[in-house]
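To start, the structure itself, in structure tokens.
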């Protein structure tokens, strides 16, 4: 998966997509691949999740050894594009600074997405636009959440269709063809093992195929609760709780259950354990549903937070990702 | 004071927040809580997975509100004195309806609806889904069939898109700069700066003539609608700022959603829009005094065996880490935003999130 030129990471909002994109970047860089993680629409979530400061917009900013980051603003992409397409710098600067031209560009449906994807494509080329720019082995695109993400990927072809002739249509088609070639691009969806994200991910797999002819290459299920209890322990946990609460509370699996008010710390801990079992069971069901509907075995990532902050730990996530990738490669 | 009491007299409630914080479920639960109070409520939602529709027993949610069968809500210990209605927003349909309503004649309508640029528009122009959501809300508001409307805003990483949408769409439709460029023989173009002519030439060269012709047709066709559209965008903007409207901001206690919630509330205040309250969802908590993992392990070791007892303690410790994080997040929200009474909702088992009992459980807390 990390051997493609471009890896597109998408998924429903709130699934930890950016953190997974960052962790993928860390893994690829560790394997010695010169890697850049790109974000669009003025987002800078990736440096934050790695505890690094975001660089200037549109600048390729080093985050750590072998890993860079860029936040792509379409206005900057347009300026760069004009600079490359026009014979004179003066004309490019004049147009780039012109208000009516900016309005015109922003009024053209899909142009912002096209320009953003154009820059992603440029980053992924072995021959960059200037000689001074070093090529990357891998570009990881932290794409917008599901719906907007698909629209972003589809922009080059939508534009090529809308503008039947001319250089932009030609370039749109070129980018689209490159993007939809599985030798270049892999698409990875991040989900959580909950009903709504799973349903949305299943829909995404279908839409990718229908609209772009792309197959999902990998599925990541993020934030899984670590397996703490075996099924055989459930009966004992229930019995221990019932002994403390009376039989009425034994069925409660919510933390808002009786023990929360009763102040019995052991009963509270037992209720939490039973809730954890119920969550883990639900997660297994959702992972299985996803696997069957999409036809891919999801890569599982644990819920891993730092003890002092309760924030997601990208280091632990990267290690888990390395292991799970190695396992899935061994299987293949 | 409960959230429902605080929303007394509101005609429209806009529920905003970043993706994945439980906006759709919260919106539905709030609508239910308002219906319990005797109000006739419609919840307008974007729910691509259709889970909410199924939970409410509405197999076919479409672009018109459908009433949720009172039978379905009965038997959960809540008496619904009012009515609960739900609809799922269809952005394309809403836009088509709007064009149909604003077009001065059939020819203009057909020309716009058949235009390639228009057809690409709903998916391609950032903010069009957000705009149609408000446009639909405005229609429902004007019809006056409901006492309260609850809008579950479209999933967007940046909830701000929602506030900008009317203006962005409006400037797109007006397309002033475009029309100047597309009519190079007009007086406006001759008066315009020399750069404009060059811009036109460059854009023609870059995009190809076909696109320009299509855009030209599109804006010519639209020109009959522009006044109506501008008026509509203005009315929609006024509705959002109306004192009978309330913006509720939903967040989870995680770092990024909290940062976005703070940013969004700031923007609401900057724009003088009516901020109606903050909901912190999926909060972990501990009883007082906080149970100690080591003591729990010791108390259970004999009964459950050392391994299981240790796992119970470990699970408790992991929960305590999140409870501490959530308490810090709530405190941070309180002090940063000066919100004294955020609504705090517990972290419910994910599996029951969309079933009626879960909606009832949340509705009770509101």
Residues in region B:116-159 that are within 14 Å of chain A (Cβ to nearest Cβ), modelled with pLDDT of 65 or more and in contact with a strand residue (DSSP E or B) (Cβ under 9 Å, 6 or more places away or on another chain) total 3
Answer yes if at least one residue in region A:297-311 is assigned to a helix (DSSP H, G or I) and within 11 Å of another protein chain (Cβ to nearest Cβ), and no otherwise. no
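Within region B:267-305, which residues are touching a residue at least 12 places away in the same chain (Cβ under 8 Å), in a helix (DSSP H, G or I) and out of contact with any strand residue (DSSP E or B) (no Cβ under 6 Å at 6 or more places or on another chain)?
B:267, B:293, B:294, B:296, B:297, B:300
Please verify whether residue B:357 is under 24 Å from the mean Cα position of the chain (by Cα), modelled with pLDDT of 90 or more and more than 10 Å from every other protein chain (Cβ to nearest Cβ), treating the condition exactly as stated.
Values: under 24 Å from the mean Cα position of the chain (by Cα): yes; modelled with pLDDT of 90 or more: no; more than 10 Å from every other protein chain (Cβ to nearest Cβ): yes.
So residue B:357 fails the test.
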Just one listed residue, out of B:9, B:38, B:77, is assigned to a loop (DSSP other than H, G, I, E, B), out of contact with any strand residue (DSSP E or B) (no Cβ under 7 Å at 6 or more places or on another chain) and at pLDDT below 80, and it is B:77
The lone condition residue B:231 fails out of (1) more than 14 Å from chain A (Cβ to nearest Cβ); (2) crowded, with 19+ Cβ neighbours inside 10 Å is (2)
Apart from one, (1) more than 14 Å from every other protein chain (Cβ to nearest Cβ); (2) touching a residue at least 60 places away in the same chain (Cβ under 8 Å); (3) surrounded by fewer than 21 Cβ atoms within 10 Å (Cβ to Cβ) all hold for residue B:54; the odd one out is (1)
Of the residues in region A:30-58 that are modelled with pLDDT of 95 or more and buried (at least 21 other Cβ atoms within 10 Å of the Cβ), the one that is farthest from residue A:329 (Cα to Cα) is A:38
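Condition check ((1) part of a helix (DSSP H, G or I); (2) touching a residue at least 24 places away in the same chain (Cβ under 8 Å); (3) surrounded by fewer than 24 Cβ atoms within 10 Å (Cβ to Cβ); (4) more than 12 Å from every other protein chain (Cβ to nearest Cβ)) across all residues:
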residue: A:128; (1), (2), (3), (4): no, no, yes, yes
residue: A:136; (1), (2), (3), (4): no, yes, yes, yes
residue: A:153; (1), (2), (3), (4): yes, yes, no, no
residue: A:173; (1), (2), (3), (4): yes, no, yes, no
residue: A:187; (1), (2), (3), (4): no, yes, no, yes
residue: A:201; (1), (2), (3), (4): yes, yes, no, no
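For residues in region B:329-345 being without any contact (Cβ under 8 Å) to a residue 60 or more places away in the chain and part of a helix (DSSP H, G or I), which is farthest from residue B:287 (Cα to Cα)? Step through it out loud before you land on a result.
Initially, region B:329-345 is screened for residues without any contact (Cβ under 8 Å) to a residue 60 or more places away in the chain, giving B:331, B:334-335, B:338, B:340.
In the following step, the residues that additionally are part of a helix (DSSP H, G or I) were identified as B:331, B:334-335.
On the way: B:331: 18, B:334: 21, B:335: 23 Å.
Top of the filtered list is B:335.
The values are calculated or read from the model by the stated rules, or taken from the named source; none is laboratory data. Bear in mind that the values here come from a model prediction, so they are computed numbers and not experimental data. Neighbour counts run over all protein chains shown; Cβ positions are idealised from the backbone, glycine included.
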